[in-house]
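So the structure is just underneath, and the comments pick up after that.
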Amino acid sequence: MTAPFVDQVRQRLAGQGTEITPAAVAEVVRAQAGGVVGDTDLLTALRVLRQEFVGAGPLEPLLRDEATTDVLVTGPDQVWVDTGGGLRRSTVSFPDEDAVRRLAQRLAVSVGRRLDDARPFVDGWLGHAGAAGRVRLHAVLPPIAQGGTCISLRVLRPAVHDLDTLRALGTFDDELAAVLRDVVAARLALLVSGSTGSGKTTLLAALLGCVPPEERVVCVEDTGEVQPDHPQLVRLVARPPNVEGAGEVTVRELVRQALRMRPDRIVLGEVRGAEVIELLAALNTGHEGGAGTVHANSPEEVPARLEALAASGGLGRSALHSQLAAAVHLVLHMRRDRDGRRHLAEIGVLDRQGDHVRVRSAWHHTTGWREARPALTALLTDRATPSRNAVRP
């Protein structure tokens, strides 16, 4: 089974424009071989060609591993995988640079995008049934990627843990679990901050699972990650434009639609753009108990991060801080350690000072309760929380 023979079969399959099935591959292999081909050669061709035309090719076994979070390709023999403990080089490889490029282009087509010399990069979501979650695709072609075609696949799993599970995993202790339940019961608006992969969405989903079942939760997302155990959850997921550039539905538009759906709580899966303006406006119009996640290195940096996002939508600094002070009460900061363990690192209380908002620390994982603890206690007390006294002096 020579490389030229496989290339000829590949070209005939591509020219047919029909679904690539094992039967279709076998038929083309026999036709290309003139009707006579050995079982070993047939099986080899089936394996090689199905890897190229179906799923994620040689990367498929890595994506099927439930522990995989990222698969990165930087060259034919440079395939890296992260299973929770950091990147490590895998044993998977490609025959050559052309094979990496073909895979990237095929994956781009499957998400309705172009990937060629005129459009040398792509970003989209794969409808990948074999992976343990949704897969986000990013790829860049040479010469933009000077070392060769780069493929980045990130597996996003539905966040389904509840607070009890997270407590058992060591994300926080019993005392903080009680505090978090009080926060939800008091309908305090909050943002969960942290870096990529720190567990922001997982904590958000667990908190939403504590919302009373009679309340209607409308969750707006770009990816569809948040899947809490709640009977009245309505999920709205944004849609990118198709290959012609039409049909896009943005997160910002969906936040506006959520306001018309009789929500008791509005949740934004990730605040990453100008939609922060609509979210803050919604939380300032009587929709208490809203929540979202945001990328930030610490709670103290959240206001500055929101400033930058709001500026992209035309909202100035002073207006943003006025909206933020009235809309959001708490920041819960998640952190991922070098060993891959995720934990709640800090609880911050938003405090307006003059014309700007800062985040004061109420609890930190290394020092325990801090100076803003009374402010947190006051928020819970003023909103008639249940009889728990976890945060009271």
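Mind checking which residues of the stretch 245-270 are among the aliphatic types (A, V, I, L, M) and over 10 Å from residue 220 (Cα atoms)?
If the condition is that a residue be among the aliphatic types (A, V, I, L, M) and over 10 Å from residue 220 (Cα atoms), then 246, 249, 259, 261 are the ones that fit.
So, in the stretch 203-224, how many residues would count as being surrounded by 24 or more Cβ atoms within 10 Å (Cβ to Cβ) and closer than 21 Å to residue 341 by Cα?
4
Return a yes/no flag: does the stretch 236-249 have any residue that is among the basic types (Lys, Arg) and crowded, with 17+ Cβ neighbours inside 10 Å.
There is no residue in the stretch 236-249 that is among the basic types (Lys, Arg) and crowded, with 17+ Cβ neighbours inside 10 Å.
If the requirement is being surrounded by 20 or more Cβ atoms within 10 Å (Cβ to Cβ), over 28 Å from the mean Cα position of the chain (by Cα), at pLDDT 95 or above and not assigned by TED's automatic domain parsing to the domain that holds residue 82, which of these qualifies: 350, 376?
Result: 376 is the single residue among 350, 376 that is surrounded by 20 or more Cβ atoms within 10 Å (Cβ to Cβ), over 28 Å from the mean Cα position of the chain (by Cα), at pLDDT 95 or above and not assigned by TED's automatic domain parsing to the domain that holds residue 82.
Return only the number of the condition from (1) in a helix (DSSP H, G or I); (2) hydrophobic (A, V, I, L, M, F, W, C); (3) in contact (Cβ under 8 Å) with a residue 24 or more places away in the chain that residue 177 does not satisfy.
In the conditions (1) in a helix (DSSP H, G or I); (2) hydrophobic (A, V, I, L, M, F, W, C); (3) in contact (Cβ under 8 Å) with a residue 24 or more places away in the chain, residue 177 misses (3) alone.
Search the stretch 250-263 for residues being out of contact with any strand residue (DSSP E or B) (no Cβ under 7 Å at 6 or more places or on another chain), assigned to a loop (DSSP other than H, G, I, E, B) and not aliphatic (A, V, I, L, M), and hand back the single one that is surrounded by the most Cβ atoms within 10 Å (Cβ to Cβ).
The qualifying residue surrounded by the most Cβ atoms within 10 Å (Cβ to Cβ) is 250.
Out of the residues in the stretch 292-309 that are of a type outside the set (D, E, K, R) and more than 21 Å from the chain's Cα centre (by Cα), state the one that is surrounded by the fewest Cβ atoms within 10 Å (Cβ to Cβ).
Only one residue tops the list, namely 304.
Please pick out the residue among 355, 339, 351, 382 that is acidic (Asp, Glu) and touching a Gly at 6+ places or on another chain (Cβ under 8 Å).
339
If we keep just the residues of the stretch 222-238 that are part of a loop (DSSP other than H, G, I, E, B) and in contact (Cβ under 8 Å) with a residue 60 or more places away in the chain, which is farthest from the chain's Cα centre (by Cα)?
229
Restricting the stretch 254-297 to residues that are of a type in the set (A, V, I, L, M, F, W, C) and in contact (Cβ under 8 Å) with a residue 60 or more places away in the chain, which is nearest to residue 215 (Cα to Cα)?
Step by step, filter the stretch 254-297, then rank; the result is 267.
State the number of residues belonging to the stretch 157-189 that are surrounded by 18 or more Cβ atoms within 10 Å (Cβ to Cβ) and within 30 Å of residue 106 (Cβ to Cβ).
Result for the stretch 157-189: 1.
Let me confirm something: among 275, 301, which residue is over 30 Å from residue 174 (Cα atoms) and among the charged types (D, E, K, R)?
Among 275, 301, only 275 is over 30 Å from residue 174 (Cα atoms) and among the charged types (D, E, K, R).
Quick one: which helices (runs of 4 or more DSSP H) sit completely within the stretch 1-115 and have at least 2 residues that are at pLDDT 80 or above, within 30 Å of residue 246 (Cα to Cα) and among the aromatic types (Phe, Trp, Tyr)?
none
The values are calculated or read from the model by the stated rules, or taken from the named source; none is laboratory data. Computed from a prediction, not measured in an experiment: that's the story for all the values here. Cβ coordinates were reconstructed from backbone atoms using ideal geometry, including for glycine residues, and neighbour counts include every protein chain displayed.
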